[in-house]
1. What distance in nm lies between label points placed 7 Å from Cα along the C-beta direction at L167 and I83?
2. At 1.4 Å probe size, with every protein chain present, just tell me what the per residue accessible area of the chain comes to in Å².
3. Take peptides 68-79, 154-165, 102-113 and line them up by average Cβ neighbours within 10 Å, highest first, as a rough protection proxy.
4. Which percent of the accessible area of segment 64-174 is formed by carbon and sulfur heavy atoms (probe 1.4 angstrom)?
5. What's the Cα-based Rg to Rh of segment 59-141, Rh via Kirkwood?
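The values are calculated or read from the model by the stated rules, or taken from the named source; none is laboratory data. Here the structure is a predicted model, which means the values were calculated and not measured. Quick reminder, even Gly has a Cβ in these numbers, built from the backbone with ideal geometry, and neighbours come from all protein chains shown. Quick note on the areas: whole protein, heavy atoms, side chains included, nothing else; ligands and nucleic acids left out. Shrake-Rupley method; radii C 1.70, N 1.55, O 1.52, S 1.80 Å.
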Amino acid sequence: FSPKGDYLLSTNSDGEFAKLWEINTGKIIRTYSLPNQESLGPFVNGAFYKVQFLPEGKQFISVGKDGDKDSIFIWDVATGQKIHQIPLESPMVALSVDGRSFVSPNNTQLTLKDIKTTQTLHSLNRADSQRITSLALHPKAQQVVTGHSDGRLIVWDFLSGKKQCTLNAHKQSI
């Protein structure tokens, strides 16, 4: 939903495009896609794995692929233009509540970056080699929780740079 609740973004299962809907009328206002986007099946080559409005409602992000590169894309809602692209090492991303930063993992680190400048704000080394399957960022972007394929949740503190706690939450992947 848009910040005022009057619009909705959706994407299809193969990530080829996103649609902007007006809630009151049920009409599609705009369809967003990357030029020359090639569909190779579910979640293989789409620019729209995840879509989310930024807090002011004039832009939204999508997470997906441009060719073979995982990226965050920032879009202008009104014009439909892609205005910025941020390369990622993984398509897994959690956006801060205020829309100013995001966290993304790689094999050894969790990195919190400014979404406009891509400057690293905090990073921490994670000794845990278990694959991260989900990610959530604290509302004040001070902590991040990672879900793992072995069912554990790990809470990390960006300010101290350390693991805060491990929760043996489930028997299967989170």
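1. Label at L167, label at I83, 3.6 nm between them.
2. That works out to 55 Å² per residue.
3. Values: 68-79: 16.4, 154-165: 14.6, 102-113: 18.8.
Ranked from most to least packed, the peptides come out as 102-113, 68-79, 154-165.
4. Ligands and nucleic acids excluded, carbon and sulfur reach 47 percent.
5. That ratio equals 0.97.
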